[in-house]
Amino acid sequence: MMRLRYPILLLLLLSTLHLTARTTSETLPAGESDVADTVIVVDKVQVTAIKQGLVLRSQPVAATILGSRAIERERIVSLKNLSQRIPNFHVPDYGSRITSSIYVRGLGARIDQAVVGLNIDNVPLLNKNNFDTEFADIERIEVLRGPQSTLYGRNTMGGVVNVYTLAPLSYQGVRLMAEYGSGDSYRFRASVYERLTDGLGIAVTGYYSRTGGFFENSYNGRMCDWERLGGGRLRLQWRPGSRLQIDDSFSFSTLSQGGYPYAYIGPSIEVGGKTVLPSGAIGYNDPCTYDRKTISNGLTVRYDAGSCSISSITSYQYSDDDMRLDQDFTPLSYFTLRQALEEHALTEDIVVRSHDEHAYRWLFGAFGFYRRGEMNAPVNFKRTGIEELILKNANSNPDLVYAMDADELLLSSRFRMPDYGGALYHESRYVTGRWHLSAGIRADFERTVLRYRSQTDMDYTLSINGASPIPVHAAIDETNRIGHTYVEVLPKVTAMYSFDEVRNLYVSVARGYKAGGFNTQMFSDILQEKLKWKMVSGLDYDEPDIMSYKPEYSWNYEVGGHFSCLDGVVRGDFALFWIDCRDQQLTVFPEGQTTGRMMTNAGRTRSLGAEVSIQYTPWREVEINAAYGFTDARFVSYNNGQEEFAGKHIPYAPQHTLSADAVWTIPTGVKWLGDVVVQAGTRCAGRIWWNEQNSRSQPFYALLDASLRIEHRRYSIDLWGRNLSGSRYDVFYFKSMGNEFVQRGRPRTFGITLNINIQK
């Protein structure tokens, strides 16, 4: 497979370079709709954007924009579908939809806070668990890379993804979609957009998808990664006058899925001389599932006050998710984990912004949020876990023999997590000739609290020097409260020299910030250690200082630009960056046979790299896009108490990302048939290091995609395939209790998609 993969990639790249060298007189002028609605740029007035400028190509920011046509053709329905299509933007597809790990320019984390913010119709999603959801009827997606903390605040040090849905006042009609694909996968969507009066519009969208799965659990012969997802959205737009705009969007979703197809890659596990789990197989005996329900409502009110515009963005978000894991991921009965979180959140963002007609332009904003979450996270030890993890460790002294008859031991942990904060921010811009100068600053306050109760009890016997066993009852019931307050100042300064509206060079310096948090998944390990310590010594256990982790900070230094030549035939963007990061948050598994994972802070890291995106349109019918990102992210200083990792690569962030695709639109000349669209491309990533020691890694891999599409303005039919080369690659690696596991990438898949668009 490796022999096949790289010739295909090389052939595609050589074809791209060959076409790029050609010119033609049949080119489109810059700004035409056939060019605007592509992966690289949308040069239209983006009236839905509140904080950034009207045209992102005229702003000093590394940004990628996908229009509705590109989104539909490439079947982008979630954040994971953006992975590798955008330079240095990697979203691995593993575990379940709770995962949502995002890596940008070497920054990212597997658990807790995200490094990238997600806004849907200007409303921020506070809970990273809800990031991986269905994108329905998307008008465009903007991906801004680099720190956006000045305007967007916490957890945007890697960038921001802005998703804008179709609006009922700009589109009226009915949209239908049906899809069938490999893995017994179905997707359905139906939308109705109606203008009730000149200033009032309504949109109703419903969707449902199901997947039979791609990976089999050898223990029971069933598919691990089955899924059922459904939901809907109701959107209202009201324009009572020329100055006032009111938008309200209500959405809900429900999800039930398996997942976690983690393959064991160590020596075969044997019990009684019989192999129960061979190397490379997926096999666990307890259920692994994830269920989620979400409700959200976002209200945006904008008023044009003449000299400025005033916007208010208010949201309520509710989520109730429940993850269950066979956390040893083997057929042995060690232990299971449940993590059930119910959360309510309120946000309010007020933005006052001057119009862009004057040389001096400004923006003031105030943001506040409140979250309240309650989590139940019990760990249930089974018989093998009791014997191997508790009794075996306790029976280290031959004169003391501990025994326990119970088949299960419950370690219970409950948490209440109120979190609130506020911010004031400002940005000034001044235009003098071709120079655009800007400076911004944000003062950010956050208070986060963890209230917890940990409890367990067990009955066991103790035999001393061979004497008769003595029955003993051990119980632990502890409550406590931990709180942290963070006050951050987040500045940003940029200078841009503009040759024209879409050609410029810029330099920027910005500070990024990612909030700290609590290691709730380590509480079962702490409780387990307390129990063993009490059994052996009868004393209380002095717990280590691992319950919290600190915020992460960065300084981002960037030089970039946007270019266009040959009358818009060639257009693109580039950026060079250097990121100096302090206290970078890393997910680690403590040494030994521990049951949890934790976030820790590395001392100092640095990340440097480059990005380039190019769009080439030699003819009206042909369009070629390529995007490449390089990142060299390493530890400057990090010692975990046992080893120094200075100079090692930061795990999980790919060194290279690459995408290249070509689209050929062939007019049939038949009015009812429309055009035939042939599209082929590749998505690549690697090398990805899996641990701090850099002893394991995923080499560079390439996935070949292609589609054949009949495209009419009222309908389209797609025949498509992904990973057509059948590349074998890993998207995730981890260790649990000393055992090593990986998740393989999805195999070769095919499908057919039907879209119907009945526009009024």
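Side notes on the structure shown:
- Any chance F335 is within 24 Å of N519 (Cα to Cα) and among the hydrophobic types (A, V, I, L, M, F, W, C): yes
- Considering each residue of segment 611-634 in turn, at least one proves to be under 21 Å from D573 (Cα atoms), touching a Lys or Arg at 6+ places or on another chain (Cβ under 7 Å), surrounded by fewer than 20 Cβ atoms within 10 Å (Cβ to Cβ) and at pLDDT below 95.
- Of all residues making up segment 267-282, the number that are at pLDDT below 90 and under 25 Å from R746 (Cα atoms): 0
- Look at (1) over 26 Å from L450 (Cβ atoms); (2) at pLDDT 85 or above and you find that Q642 fails only one, number (2).
- Scope segment 185-204; condition closer than 22 Å to F252 by Cβ, in contact (Cβ under 8 Å) with a residue 24 or more places away in the chain and out of contact with any Asp or Glu (no Cβ under 6 Å at 6 or more places or on another chain); matching residues: Y186, R189, Y193, E194, G201, A203, V204
Residues are listed down the side, and each one gets a yes or a no for (1) of a type in the set (F, W, Y); (2) in contact with a Phe, Trp or Tyr (Cβ under 6 Å, 6 or more places away or on another chain):
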| residue | (1), (2) |
| --- | --- |
| F335 | yes, yes |
| V352 | no, yes |
| W362 | yes, no |
| N376 | no, no |
| T384 | no, yes |
| L389 | no, no |
| L400 | no, no |
| L409 | no, yes |
| P418 | no, no |
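- Condition broken by F523, with the remaining ones in (1) within 21 Å of the chain's Cα centre (by Cα); (2) at pLDDT below 90 satisfied: (1)
- Residue within segment 318-337 that is aliphatic (A, V, I, L, M), under 28 Å from S256 (Cα atoms), in contact with a Cys (Cβ under 8 Å, 6 or more places away or on another chain) and modelled with pLDDT under 95 present: yes
- R75 being over 16 Å from L703 (Cα atoms) and part of a loop (DSSP other than H, G, I, E, B): no
- Qualifying residues in segment 366-388 (those that are touching a residue at least 12 places away in the same chain (Cβ under 8 Å) and part of a helix (DSSP H, G or I)) - the one surrounded by the most Cβ atoms within 10 Å (Cβ to Cβ): G385
- Take the conditions (1) farther than 30 Å from I717 by Cα; (2) in contact with a helix residue (DSSP H, G or I) (Cβ under 6 Å, 6 or more places away or on another chain); E139 misses just one of them, which is (1).
- S315 polar (S, T, N, Q), buried (at least 16 other Cβ atoms within 10 Å of the Cβ), in contact (Cβ under 8 Å) with a residue 12 or more places away in the chain and touching a Cys at 6+ places or on another chain (Cβ under 6 Å): no
Residue by residue, here is whether (1) touching a Leu at 6+ places or on another chain (Cβ under 7 Å); (2) within 30 Å of N217 (Cα to Cα) holds:
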site: L236; (1), (2): no, no
site: L244; (1), (2): no, no
site: Q257; (1), (2): no, yes
site: P267; (1), (2): no, yes
site: V271; (1), (2): no, yes
site: G283; (1), (2): yes, yes
site: D286; (1), (2): no, yes
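- Every residue from segment 666-703 that is among the aliphatic types (A, V, I, L, M) and either on the phi > 0 side of the Ramachandran plot or in contact with a helix residue (DSSP H, G or I) (Cβ under 6 Å, 6 or more places away or on another chain) (or both): A702
- Pair list, Cβ under 9 Å, 6 or more apart: segment 715-744 residue on the phi > 0 side of the Ramachandran plot, other residue surrounded by fewer than 20 Cβ atoms within 10 Å (Cβ to Cβ) and among the acidic types (D, E): M737/E388; G738/E591
- Matching entry among R361, R371 (being over 21 Å from the mean Cα position of the chain (by Cα) and either modelled with pLDDT under 95 or farther than 30 Å from G266 by Cα (or both)): R361
- Search result, residues across segment 464-501 that are within 30 Å of A423 (Cα to Cα), surrounded by 12 or more Cβ atoms within 10 Å (Cβ to Cβ) and out of contact with any helix residue (DSSP H, G or I) (no Cβ under 9 Å at 6 or more places or on another chain): I482, H484, Y486, V493, T494, A495
- Among (1) modelled with pLDDT of 95 or more; (2) part of a helix (DSSP H, G or I) - the single one M496 does not satisfy: (2)
- Within segment 698-731, if we keep just the residues that are more than 21 Å from the chain's Cα centre (by Cα) and farther than 23 Å from I624 by Cα, the residue that is surrounded by the fewest Cβ atoms within 10 Å (Cβ to Cβ) turns out to be P699.
- Filtered residue count, segment 583-602, keeping only those that are under 18 Å from Y652 (Cα atoms) and either hydroxyl-bearing (S, T, Y) or at pLDDT 80 or above (or both): 8
- Whichever residue in segment 447-483 is part of a strand (DSSP E or B) and of a type in the set (S, T, Y) and, among such residues, is nearest to the chain's Cα centre (by Cα): T448
- Test result for D419, touching a residue at least 40 places away in the same chain (Cβ under 8 Å) and either under 34 Å from the mean Cα position of the chain (by Cα) or surrounded by fewer than 17 Cβ atoms within 10 Å (Cβ to Cβ) (or both): yes
- From S25, S68, residue being over 28 Å from H656 (Cβ atoms), surrounded by fewer than 20 Cβ atoms within 10 Å (Cβ to Cβ) and modelled with pLDDT of 90 or more: S68
- Test: residue in segment 649-662 that is under 30 Å from F518 (Cβ atoms), over 24 Å from the mean Cα position of the chain (by Cα) and part of a loop (DSSP other than H, G, I, E, B): no
- Qualifying positions in segment 281-295 - more than 19 Å from the chain's Cα centre (by Cα) and either part of a strand (DSSP E or B) or of a type outside the set (A, V, I, L, M) (or both): G283, Y284, N285, D286, P287, C288, T289, I295
- Residue in segment 319-331 that is over 27 Å from the mean Cα position of the chain (by Cα) and in a strand (DSSP E or B) present: no
- The residues of segment 205-227 that are among the β-branched types (V, I, T) and touching a residue at least 60 places away in the same chain (Cβ under 8 Å) amount to a single one, T205.
- Set side by side, the residues V489, V502, V431 differ, and just one is in a strand (DSSP E or B), touching a residue at least 60 places away in the same chain (Cβ under 8 Å) and β-branched (V, I, T), which is V431.
- Matching residues in segment 653-692 - criterion: being charged (D, E, K, R), touching a Phe, Trp or Tyr at 6+ places or on another chain (Cβ under 8 Å) and free of Cβ contacts under 8 Å to residues at least 40 places away in the same chain: R687
The values are calculated or read from the model by the stated rules, or taken from the named source; none is laboratory data. From a predicted model like this one, the values you see are computed outputs, not experimental measurements. Cβ coordinates were reconstructed from backbone atoms using ideal geometry, including for glycine residues, and neighbour counts include every protein chain displayed.
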